[in-house]
Every structure is written in C-alpha cells, then in structure tokens.
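Engineer: Structure in structure tokens, see below.
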Amino acid sequence: MDFIGQALTQYCEQHSSSESELLQQLAKETWQKVINPRMLSGSLQGAYLKFISNLVQPRRILEIGTYTGYSALCLVEGLKENGELITLEEDDELSYFHQKYFPQHSKGKLIESKYGDAKKTLNELDGSFDLIFIDADKQGYLQYWDWCSKHVSSTGIILIDNVLWNGKVIQPFADKDLDTQVLLELNKAIQENQQFENVLLPLRDGMMMVKRKDNENH
C-alpha cells in the first residue's frame with residue numbers, strides 16, 4: 001500500500017467507531033505471538049463486520065477462517081441472544097487465543113470453534129446461515145463459495161475477504177499465480193450468478209458482499 005493509501009486507511013480508522021478494549025488486547029497479543037499478524041482483520045474491517053452483523057441481526061453465523069478470533073468477536077456483536085456462531089479454523093494451535101478471548105465477551109458462550117479441514121467440516125454442518133464470512137485459504141475459496149451459496153438463508157449475506165489480493169486481480173500475468181487465478185474465477189462466478197446480487201468493496205484487500213436476489217423484484 002502506498003503512502004496515500006496508508007494515510008486514507010488511517011483517516012478512515014480515525015473516523016470509524018473504535019475497537020473495544022477486548023479487541024485491542026487480542027490485536028496486541030496477536031502481533032506479539034503470531035508469525036503473520038497482518039492476517040488480523042483489524043479495527044476498520046472489524047468495525048465493518050460488526051456493523052453488518054448488527055444490521056442483519058443473524059440467528060446463525062458461519063465463519064470460515066477464525067485465525068486468532070478478532071473477526072469472530074466482531075461478528076458475534078449482532079448475533080441474537082439464542083443464536084450461534086460456528087467458526088472453522090484449520091490450525092488448532094490458535095485455540096489458545098479462542099479459549100482466552102471468546103469467554104471474555106458477553107456473547108462468547110454462543111461461539112463454537114471447530115478445528116480441521118474446513119472443506120470436510122462444512123459437510124458436517126446442517127441448516128442455513130444468516131451471515132457467512134469467508135476468510136481462509138484462497139485456493140479453497142471456490143469450494144467454500146459453492147457450499148455457502150447453497151446454505152445461506154433467503155435473506156442472508158455472504159462476505160468474502162481478500163478478493164482483490166493486493167491488486168493482483170488486475171495485474172498482467174496474474175493467472176500464473178494460483179491464488180490469484182482462484183480469486184479471478186471466484187469473482188467471475190459470483191458476478192455471473194443470476195441467483196445473487198453483489199458488490200465488491202475496496203475495503204482493505206477487497207471485500208465481496210453477496211445476497212440472494214429478491215425474486216419479487218427480479
């Protein structure tokens with residue numbers, strides 16, 4: 001990100017609702033103890049996730065890619081009191097963060113962590129979800145999208161992170177990079193799917209928002 005981009009991001013952060021003390025503590029410990037702390041959602045994206053969750057007021061949330069749990073703690077904000085948030089993470093060594101920080105949130109008891117290959121875990125889940133957030137291994141995105149498109153509720157929303165992939169989606173010869181190629185295929189598949197409507201936002205590394213079309217208006 002260039003200087004202007006960094007400055008604009010900082011300005012946006014300064015003019016968005018601030019993160020909670022719990023999120024600040026989690027972010028600090030993530031930067032201290034995890035190898036790739038930049039994977040953390042961060043305050044601006046976190047504020048966005050919290051905002052969307054509060055708008056949707058979901059009964060069931062699915063997150064694919066927990067990392068240290070920052071985004072889960074943002075998403076759970078809008079969850080109904082009798083709801084559930086299921087979050088999937090391949091690396092069970094990160095469970096330290098989940099076990100430490102989730103219980104500190106007033107709705108933490110509604111968060112269920114599942115560890116292992118998300119592609120396998122998804123097939124063990126039943127029912128539909130009102131809010132889905134995909135932020136995991138990019139090469140699995142097409143499979144995640146395929147599953148989620150069939151399991152999002154009629155009024156639900158799917159959010160997909162990193163769909164701009166550091167701008168590689170518009171760079172020449174991007175198809176030589178496997179992750180980028182998958183994201184190009186994903187973005188095209190969503191754009192061409194007549195059952196959904198979508199908007200791609202240049203939030204951080206690109207956030208795709210998808211919902212089913214209203215059959216009465218289309």
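Any read-out appearing in this document is the output of simple, stated calculations on the displayed coordinates, not a laboratory observation. Nothing here was measured: the structure is a model prediction, and the numbers come from that model. All Cβ positions, glycine included, derive from the backbone under ideal geometry; neighbour counts span all protein chains shown.
Engineer: What does the extension gain come out to for A7 and E185, with contour length at 0.36 nm per residue minus their alpha carbon separation?
Structural biologist: Taking 0.36 nm per residue and subtracting the Cα distance, the gain is 60.9 nm.
Engineer: If you take the alpha carbon radius of gyration of the chain and divide it by 2.2 N^0.38 Å, what ratio comes out, to two decimals? All intermediate terms of the calculation are to be shown ahead of the outcome.
Structural biologist: Details: Rg = 16.8 Å, N = 218, 2.2 N^0.38 = 17.0 Å.
Rg over 2.2 N^0.38 Å, computed on Cα atoms: 0.99.
Engineer: Would you calculate a helix-derived [θ] at 222 nm for the chain, using -39,500 (n - 2.57) for each DSSP H run of n ≥ 4 and dividing by the full residue count, to the nearest 500?
Structural biologist: Theoretical 222 nm ellipticity from helices: -11500 deg cm²/dmol.
Engineer: Nearest 5 percent is fine: what portion of the DSSP beta bridges confined to the chain is antiparallel?
Structural biologist: 35 percent
Engineer: When the chain is treated as a GNM, springs tying every alpha-carbon pair under 10 Å, which of N123, N54, N162 comes out with the largest mean-square fluctuation?
Structural biologist: N123
Engineer: How much length is gained if the chain between D146 and D205 is pulled fully straight, taking 0.36 nm per residue apart and subtracting their Cα-Cα distance, in nm to one decimal? Kindly include the intermediate steps, with their values, before the conclusion.
Structural biologist: On the way: separation 59, 0.36 × 59 = 21.24 nm, distance 2.16 nm.
In short, 19.1 nm is gained.
Engineer: Express the relative contact order of the chain as a whole percentage, based on alpha carbon pairs under 8 Å and six or more residues apart in sequence.
Structural biologist: Taking the mean separation of contacting Cα pairs over the length of the chain, I get 15 percent.
Engineer: For segment 134-214, state which chymotrypsin sites (Phe, Trp or Tyr not before Pro) are in a DSSP loop and have at most 16 other beta carbons lying within 10 Å of their beta carbon.
Structural biologist: Details: sites: Y141, Y144, W145, W147, W165, F173, F196; in loops: F173.
Answer by residue number: F173.
Engineer: Treating cross-link reach as a plain straight distance, find the aspartates and glutamates whose alpha-carbon is under 17 Å from the alpha-carbon of K120, omitting any fewer than eight places away in the same chain.
Structural biologist: Within reach: E63, E89, E90, D91, D92, E112, D135, D137, D146.
Engineer: Where does each of 46-52, 126-132 land if you order them by average Cβ count within 10 Å, highest first?
Structural biologist: Descending mean neighbour count gives 46-52, 126-132.
Engineer: Give me the number: length gained by fully extending Q99 to F173, i.e. 0.36 nm times residue separation minus the C-alpha to C-alpha distance, one decimal in nm.
Structural biologist: Value of the extension gain: 22.4 nm.
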